[in-house]
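Step one of this worksheet: look at the structure below.
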Amino acid sequence: MPPPETVTGPHGEELDLVAIARDTCASYDREFPDERERYGPAGADWCRHDCQHLLNWAVLSLSEALDFEAQLAWLARVLEARDFPISRLARCLELLAQAVRNTVPDEPEIAARLDTGAAFVGSRASFLQ
């Protein structure tokens, strides 16, 4: 499913998911340049795709009955089954939280939710069991 491009935060601010995901993935790429060789150009596209969904889920979990941890566990299972290190998913969530802090400082609950998600993902050795 294609990710949404915008979402309205809990305080009514419209978030540009594409721009925030792009910033996050640039930071991620600087931290993990080895992925360029493994995934090629499609890796950057998938990073933006997943970050847009992650951020959307975080926002929706603050305003609707969406279980953020359940969504994270599902994505972690998918990625782990494809041999993607889930520790990098946790780091991606941390970078996404920082991008949100830089972009929409008036919506601190969103960054906090992403940090909580990063801790959740980082607390498990595996999501496949």
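The values are calculated or read from the model by the stated rules, or taken from the named source; none is laboratory data. Remember, it's a predicted structure, so these values are computed and weren't measured experimentally. Accessible surface is based on the protein model in full, side chains and every heavy atom, while ligands, DNA and RNA are left aside. Shrake-Rupley method; radii C 1.70, N 1.55, O 1.52, S 1.80 Å.
Observations, loosely collected:
- Percent carbon-and-sulfur accessible area, the stretch 72-122, ignoring ligands, DNA and RNA, probe 1.4 Å: 51 percent
- Per residue solvent-accessible surface (Å²) - the chain, probe of 1.4 Å: 54 Å²
- For the chain, a Gaussian network of Cα nodes joined below 10 Å ranks Thr24, Thr116, Thr103 by mean-square fluctuation, and the top entry is Thr103.
- Whole-Å semi-axes of the ellipsoid equivalent to the stretch 1-86 (Cα gyration tensor, √5λ, descending): 24, 16, 9
- The chain - mean residue ellipticity at 222 nm from DSSP helices (-39,500 (n - 2.57) per run, n ≥ 4, rounded to 500): -23000 deg cm²/dmol
- Residue-level accessible surface for Leu72, protein heavy atoms, 1.4 Å, Å²: 0 Å²
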